1. How far, in whole Å, is the closest Cβ of chain B from the axis that maps B onto A, and which residue does it belong to?
2. Just to be sure I understand the model, the point goes 7 Å from the Cα along the line to the Cβ. What's the resulting D:H58 to C:Q387 distance in nm?
3. Checking the table C:K25/C:K59; C:K25/C:K66; C:K62/C:K480; A:K41/B:K11 against a 18 Å threshold on Cα-Cα, which pairs fail?
4. Taking the beta-carbon count within 10 Å as an exposure proxy, list D:H125, A:H23 from fewest neighbours to most.
5. Students often get this wrong: which residues of the range D:37-61 have the backbone nitrogen under 14 Å from the point 7 angstrom along Cα-to-C-beta of C:K345?
6. Determine which lysines satisfy two conditions relative to C:K207: a Cα distance under 18 Å, and not lying fewer than 8 residues away in the same chain.
7. So, R0 is 56 Å and r is the distance between the beta-carbons of A:M1 and C:E418; what FRET efficiency does that work out to, to 0.05?
8. Output the peptides C:172-183, C:146-157 sorted from most to least packed, where packing is the average of other Cβ atoms within 10 Å over each peptide's residues.
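Only the coordinates and a few stated rules stand behind these numbers; no lab work does. Since the model is a prediction, treat every value here as computed from it, not as a measurement. Cβ placement follows ideal geometry from the backbone for every residue including glycine, while neighbour counts extend to all protein chains displayed.
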Amino acid sequence: MARVVVDVMLKPEILDPQGQAVHRALPRLGFEGIADVRQGKRFELEVEGPVDEAALARVREMAETFLANTVIEDFTVRVEEPAAGSAEAAA
Amino acid sequence: MARVVVDVMLKPEILDPQGQAVHRALPRLGFEGIADVRQGKRFELEVEGPVDEAALARVREMAETFLANTVIEDFTVRVEEPAAGSAEAAA
Amino acid sequence: MTLDTTKHAEQTPDAELPWAELGLKEDEYARVREILGRRPTGAELAMYSVMWSEHCSYKSSKVHLKQFGEKAPESDALLVGIGEQAGVVDVGQGYAVTFKIESHNHPSYVEPYQGAATGIGGIVRDIIAMGARPVAVLDPLRLGAPDHPDTKRVLPGVVAGIGGYGNCLGLPNIGGEVVFDACYQGNPLVNALCVGVMKHEDIHLAKAAGAGNKVILYGARTGGDGIGGASLLASETFDTSKPSKRPAVQVGDPFQEKLLIECTLELFREGLVTGIQDLGAAGLSCATSELASNGSGGMRVELDTVPLRDSSLSPEEILMSESQERMCAVAEPEKVDRFLEICEKWDVIATVIGEVTDGERLEIYWHGEQIVDVPPRTVAHEGPVYQRPYARPGWLDALQADDPAALARPADGDALREQVLRVAGHPNQASKSWVTDQYDRYVLGDTVLAQPEDGGMIRIDEESGLGVALATDGNGRYAKLDPYAGAQLALAESYRNVAATGARPLAVTDCLNFGSPEDPAAMWQFAEACRGLADACRTLGTPVTGGNVSLYNQTGDLAIHPTPVVGVLGVIDDVARRTPMAFREEGQLLYLLGDTREEFGGSAWSQVVHGHLGGRPPAVDLERERLLAEILVSASRDGMVDAAHDLSDGGLIQAVTESCLRGGKGARLVVPDGLDPFVFLFSESQGRAVVAVPRSEEVRFTDMCRARDLPAARIGVVDGDEAAGAGTGDAADGAAIEVQGCFRLPLAELRAAHERTLPELFG
Amino acid sequence: MTGTAPTSTATGAGAPGSTGRIGVVTFPGSLDDRDAQRAVRLAGGEPVALWHRDTELHGVDAVVLPGGFSYGDYLRAGAISRFSPVMESVIDAARGGMPVLGICNGFQVLTETHLLPGAMLRNDHLHFVCRDQRLRVENAGTAWTGDYTRGQEITVPLKNNDGQFVADERTLDMLEAEGRVVFRYTGLNPNGSRRDIAGITNEAGNVVGLMPHPEHAVEELTGPTTDGLGFFTSVLKKLVTA
Ligand SMILES: Nc1ncnc2c1ncn2[C@@H]1O[C@H](COP(=O)(O)OP(=O)(O)O)[C@@H](O)[C@H]1O
Ligand SMILES: [Mg+2]
């Protein structure tokens, strides 16, 4: 089974109260040097069957119509390769 | 300025009510073939200065103490390469 | 790109501006040129176009709204009347209350959560700007067909948004409405009412008096929210072919607003505010021009000092931005430091953006260059006024002739029983707990009554028990059949709901939701509703203190039912004397107050059982409403009734059902002589209520009704305890509503029908 | 609105003087702070307002972290408040045995500080819920529950978005074994909390957190019951005898 990740973020021009609150709190916690923070949603979908163009197209449609409200949000869809996953700087 | 992304997901053993609600809704919307959905948070941090090991270590500490509650959540930290960004299947 | 300064405008008199794209009519643009004696700059055009829009200028509705002032009844209670951000009413003991209702219909359809949330945010800022502490909200809602897939998107989103914002602000939600009708499918109505409390001396008005006083913008940074057409002005070529990248929907930040409330109240407490205005529609354009227009002098603003969220915004866009959670205040120069200090205490960004001048112009500068130089009144208060043509629609005769008397009525007791269940379980009459349990009704610790009570009630003084009650109502079906009567019925019901709690109705706010003013039929409905409401307010002695008009509520050519929503505010000297709706004591006597006639036009029964809308709405009798209210208030004050519930949609049986379910008690009803059981149960005759009278009070109560000439019929008794019958498995022994000679309906069955509807529809 | 003059109307156990000063912290976005102050007053104690930027506790004998949406509940409920200056003092004092009660958002703050174990998730049904909730008192031995009896059922309002208490099985077993489950939901579990847990305490029994709102059940007129008063009379008694 493959994992497809949909990241949903508020459009850049839209106010992001959550990201702002996090950003404002950082200096108090002793973290300097962060110019901006934005907070969004990450969906991990376990897709049955092959993740071909058709499957990705379906996920994109799902993101467009359901996971994101494109009036205020942008989204990206990407396949998470098993390899790529471990390449991330896991904590 | 470089972007560091922190993904925060509920630990696998914790039931994810939001992901489940999304998952349950999919068949009704005509989307089949998704075995599971999990929903988490994505933070995009704009980091001033070079994103070296020291900077990443600070972000990891921030994630550990603040962005995630490690009682229930796991996180990953990664640098978003400008190239990688455009390689994503942007919608 | 060259900055379009006033000087530039003088030098380039023939430059083409996109006035039409910004919604101005040709003659309106000509008037702007005449006022200024030159072509407007882009920034000036931005201001005039948004301030002269229907939404901000009330250009189509003004001529009709005038009546609310002209016909206003004498009232010693009114401290601030129509025209301010919200009216202010004296409720005694040195307290004043301000309340207002507003619509956020269109945004709530596009983005239900944020649209509804920012609706709450906007009305709350209106109340803070009057100097009051907001103490409660109510949310009258109208949705499309309950089983339509889009309603499943809109209703849950709207409810989550209202809750998300209101709960986070710490304002109890104490009432509202949820009405479904296919006419609202593409155009749901999301109205929101907020009420605030202050001492008389704390009333603040929006005006900028005193040359040298500083203009301070505080709250959220300004972003590119809701500026729609203004972004056209940002490009030198006014290129209309490029789609605007600026969002039409705003995202609310209730946390920021909570800080704004506390911060503003502290500024008031320390006497640091000379004038104040919230930023809502039209943002800074509105705030600066209104503050200046209401004051004595002029104003000078350095627009480049405005803190921005998005540094790419043009001056025109900054002027039009509708970013939420911002306020604009005027303060004396020596008080500015303390002002900024208090803002810092609350983590609220505050910036001096300008000052009051002794001139007569509103002047706005951008990096030292003048981009606006206008007489502020012409922007804020002297917008266009239209006498829109209106005409009674041709279809109305046929609609009114379609009398519900022709509809098939239940043949026997069993059929009646079945229809009672259907009406009680229809989404419009069903329990609204699925919605209202998502709202905090306890926060602030002063909620005495909240949904599903007839009116919400808030204690405002812990020592004396002084309190206020509020209700909102509006029946679009009635108004469709007769908008004049419909508006009066909306007022009558709201007034009755407040009186049923034991509070004395004092004042009115209204939200007039109608179709396009360019359609003579919709315009006629609007005109009739205004006339009806103004006339009724005069008769009931309750002035309209403020409100909101929402036009263009239609999908294509299809207008919504004309929907005047009326909020009534009442006062009660001691909230301990309130009358709840629940039947709580077995053996208490049920009295039906008022007259019952065959009135089924626009009724719940005709809708649920026959899908019918036709005939005439129930007759209006305002003198009777006034008498009924007097009786209900006296009975509450003197402890003669233990429960009261007004009769509205669904008629007597629906009211009895709700009171029984609320108290977990059954009732035995006897059909009065000469009344058909069906009419007795389902008629929607107005001016009625049902009360539960302790036996010890019966003589006193009936004597009072007789002495004042209010018909009061003993119709039954509270009988049977749901808790006692529970678990026995023997329905026959449990509590029930029994209509003698007709049917017996166990409470459990009725409760299931009433309570499962919304959860089944919306999860 | 609360009047500012504290008029004591109830016959609480609070003694005048140094015992009975109960601090109520206001974070940006706290909502039920005034209500908690009123409850303290009605129980006979003296409420003391504490500000999140305070670096000391002004000599209070106990602290209430009230309900609300501190910092908008952004990030996670309680996550940002936990780093307020006042919380350093509260954490120290709690470790030293001072009674601390976290209600709703206050409970969330206490788990974020790890004074109490576990964490709070979104309600399982994903809606904000406001209801009159029945609870069973499981531990009448804490600083805040002495006036109740074990097994007693009380009804107080519940209102929250993120009320689903979770912890790993080992922690849950430990809480049960040590008698640190203080309240359990009865009748209906309103948010999917593990093992119906509504409130817990620390090992010493001085720190208690719960999701429901006892401060909204202290007056006949405005609450479903007056069952919540016992929290405040309990701690006041405890302070007298301490
Ligand atoms: N959207 C809502 N928000 C808050 N309260 C609501 C809402 N919808 C309905 N209610 C409450 O539910 C109760 C029943 O509503 P409704 O049947 O419209 O009352 P009535 O017909 O007596 O005016 C009232 O207390 C009303 O305030
Ligand atoms: Mg009613």
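1. Nearest Cβ to the rotation axis, residue and whole-Å distance: B:R42, 2.
2. Those two pseudo-labels are separated by 6.4 nm.
3. Values: C:K25/C:K59 12 Å; C:K25/C:K66 24 Å; C:K62/C:K480 22 Å; A:K41/B:K11 16 Å.
C:K25/C:K66; C:K62/C:K480, as the Cα separations exceed 18 Å there.
4. Working: D:H125 14, A:H23 20.
Final ranking by Cβ density, sparse to dense: D:H125, A:H23.
5. D:49-54
6. Excluding near neighbours in sequence, the set is C:K335.
7. Values: r = 51 Å, r/R0 = 0.92.
Approximately 0.65, to the nearest 0.05.
8. Details: C:172-183: 23.6, C:146-157: 17.2.
Packing order, densest peptide first, comes out as C:172-183, C:146-157.
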